[in-house]
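**Q** Sharing a structure with you now.
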Amino acid sequence: MENNEIAWQQELTRRARIYEDIEAGDRFEGTMTKLDYTGMTVLTLVLVVGFWLWGA
Amino acid sequence: MTDHVAHEHLSTLKTEQEVAARNRAAAERGDAPLLPSERLWGFWEFTYANSALAIATWAFLIGGSVGLFVGPKEGIAAIIIGNIVGVVLTALATTTMTGRYGVEQFVALRSQFGYNGSRVVYVLAVVILTMGWLAVLAMMFGRSIDGLMALSAGEAANPTGVKMIIAAIGAILLTWFIVAKGPTSIKFFNMVVSPALVLLMVAMLYLILSHHSIGELLSMPALAPPFEDKTLNFIVAVEVNLAAGFSWWPYIGNLARLTKNERTAFWPNVLGIFGAAALGEIVGLLAAVALGESDPTIWMTKIAGPIIGIVALLFVAFANMTSMANILYTSIVGLRQVGTASVRAISWGTILFLFCLIPFGLVIFYPQMYDGFFIFLVWTSALNSALAGIGIADYFFLRGQKLDMRSLHAPQENGPYRFWGGFNPIGLFALAVGFLVYVAVFNPQTLASLPAFKYLTASVPSCLAAGAVHYVLTRLFARGRGWGQYP
């Protein structure tokens with residue numbers, strides 16, 4: 001039982017280290033960029049303002 | 001000798017594979033972060049999964065409720081505005097962090113509320129929401145069966161009668177039985193129901209448009225507007241849809257952790273959840289207003305005639321069961337994840353049954369909940385909008401989009417997310433402030449509101465207030481006390 005717990009803690013550490021390495025090397029793939037956030041804001045504003053003017 | 005070495009090598013390899021499979025299964029359950037290589041969903045897979053979740057019978061109910069306040073033209077505008085704002089803010093608060101790190105949503109919330117605080121949030125946001133929805137969907141099932149029997153016998157339906165209550169209790173018991181058997185049976189229902197619901201929506205839309213032109217439909221009045229002020233009615237309709245958008249907060253983070261990256265975790269919500277939910281609600285709204293009845297179990301029989309009506313009601317009953325099984329399963333998996341050792345010790349079947357007791361009570365003693373279900377929905381937004389605000393402030397502005405996987409998954413008693421006895425008083429205070437701001441601006445029970453409600457809604461100020469309080473108090477007090485490992 002204790003061995004299992006130790007093995008599981010090691011596995012958690014391994015997984016955490018993988019993310020720490022990705023972070024340290026700035027190797028996250030497919031991160032949201034300024035373009036994504038701008039696109040999201042523009043889309044939301046266009047829909048809100050457009051439908052407000054059309055329907056309200 | 002060589003054979004012996006090869007055999008030993010094979011045996012070691014097999015053991016390693018078994019351990020890797022076990023670890024991966026544990027990570028899928030949320031015990032550990034999923035690694036990028038373990039995540040399977042791309043953009044379209046997540047869009048499909050999202051759409052399947054959003055296309056449910058509750059979309060008809062929400063659409064019908066919108067029709068009580070405003071006509072179809074204002075209603076469509078309210079559906080689009082409320083849902084896009086709610087879904088985007090909710091997705092920002094949850095899917096970006098779970099999509100980047102593959103972390104379980106309520107494990108990640110330890111960084112915002114503490115390891116015990118995240119349990120409190122789970123009970124408030126997931127357990128209460130799920131119990132309410134279980135009761136509403138069971139009553140919708142009961143009403144479908146009651147309507148079906150009345151149609152077959154050529155009698156008038158009695159939507160709050162004994163038959164409805166018995167059928168609704170039967171629905172909860174059947175859901176309990178399905179979920180107790182495990183996820184495989186639920187998967188089967190999902191594969192059938194989601195595409196069939198799209199077909200049903202298209203068929204309903206066709207039937208509505210074959211009786212009324214688009215111009216005629218758009219100029220129809222609301223069913224029961226509560227105020228003389230049209231703008232106020234419109235904003236209440238927007239608020240109902242904001243609540244619908246924010247109501248995805250407990251669910252989408254944990255779906256997004258199965259996607260390949262942050263961008264794939266975020267954008268499909270706009271296409272899948274927003275698009276699918278808006279489509280279903282618009283069909284529900286048009287049907288409700290065109291037929292003068294907000295309850296889908298009644299307008300379906302009116303629109304389709306007795307034969308198709310019976311088929312449609314049977315299908316709606318079946319579809320409700322699927323939605324009930326989905327939310328019950330997700331909630332109990334999460335409950336065991338955040339629960340204490342004594343909660344985890346309760347058997348799967350027993351904990352499911354205990355969870356169903358409150359929905360039983362609601363069905364038996366409070367069947368009126370169905371007709372005013374939007375009141376319950378809007379109450380949930382008082383919490384969910386504040387949670388979204390805190391999530392955005394914490395992850396984007398306080399932590400610079402960085403989470404520490406090691407600390408989040410290590411034993412918590414002496415870790416950085418211990419805060420104050422496992423609770424982050426700042427996060428919980430911000431949640432309370434968000435909730436109070438909401439209720440002060442707009443009371444979901446009485447629909448009484450401040451003048452500002454007409455310009456700001458209630459969810460948006462609640463989201464902003466909770467986020468701002470969390471940000472300012474964390475900057476002022478958390479760092480000095482060494483709470484929460486803020487940079």
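The values are calculated or read from the model by the stated rules, or taken from the named source; none is laboratory data. Remember, it's a predicted structure, so these values are computed and weren't measured experimentally. Neighbour counts are summed over all protein chains in view; Cβ atoms, including those assigned to glycine, are modelled from backbone coordinates with ideal geometry.
**Q** For A:Met32, work out the one condition from (1) surrounded by fewer than 16 Cβ atoms within 10 Å (Cβ to Cβ); (2) not in a helix (DSSP H, G or I) it doesn't fulfil.
**A** Just one mismatch for A:Met32, condition (1).
**Q** With A:Val42, A:Val48 as the choices, which residue is free of Cβ contacts under 8 Å to residues at least 12 places away in the same chain, over 30 Å from B:Ala26 (Cβ atoms) and more than 7 Å from every other protein chain (Cβ to nearest Cβ)?
**A** Testing whether each residue is free of Cβ contacts under 8 Å to residues at least 12 places away in the same chain, over 30 Å from B:Ala26 (Cβ atoms) and more than 7 Å from every other protein chain (Cβ to nearest Cβ) leaves just A:Val42.
**Q** Could you identify the single residue in B:Thr231, B:Thr301, B:Thr322, B:Thr330 that is more than 12 Å from chain A (Cβ to nearest Cβ) and surrounded by fewer than 21 Cβ atoms within 10 Å (Cβ to Cβ)?
**A** Within the list B:Thr231, B:Thr301, B:Thr322, B:Thr330, the selection yields B:Thr330.
**Q** If you don't mind, there's one more thing I want to ask. For the list (1) surrounded by 19 or more Cβ atoms within 10 Å (Cβ to Cβ); (2) within 20 Å of the chain's Cα centre (by Cα); (3) among the aliphatic types (A, V, I, L, M), I need the number of the one condition that B:Leu148 fails.
**A** Result: B:Leu148 passes all but (2).
**Q** Check whether at least one residue in the range B:36-56 is under 16 Å from the mean Cα position of the chain (by Cα) and in a loop (DSSP other than H, G, I, E, B), and report yes or no.
**A** Checking the range B:36-56: at least one residue is under 16 Å from the mean Cα position of the chain (by Cα) and in a loop (DSSP other than H, G, I, E, B).
**Q** Right, another one. Against the condition at pLDDT 90 or above and away from chain A (no Cβ under 14 Å), how does B:Trp249 come out, does it pass?
**A** yes
**Q** In this structure, is B:Phe374 among the aromatic types (Phe, Trp, Tyr) and touching a residue at least 24 places away in the same chain (Cβ under 8 Å)?
**A** Here the answer is yes, as B:Phe374 does meet what is asked.
**Q** A:Trp8 is checked against (1) of a type outside the set (Ser, Thr, Tyr); (2) crowded, with 16+ Cβ neighbours inside 10 Å; (3) more than 9 Å from chain B (Cβ to nearest Cβ) and fails just one. What number does that condition carry?
**A** Checking A:Trp8 against (1) of a type outside the set (Ser, Thr, Tyr); (2) crowded, with 16+ Cβ neighbours inside 10 Å; (3) more than 9 Å from chain B (Cβ to nearest Cβ), the one that fails is (3).
**Q** Taking the range B:69-113 only, how many residues are away from chain A (no Cβ under 12 Å) and not in a helix (DSSP H, G or I)?
**A** 2
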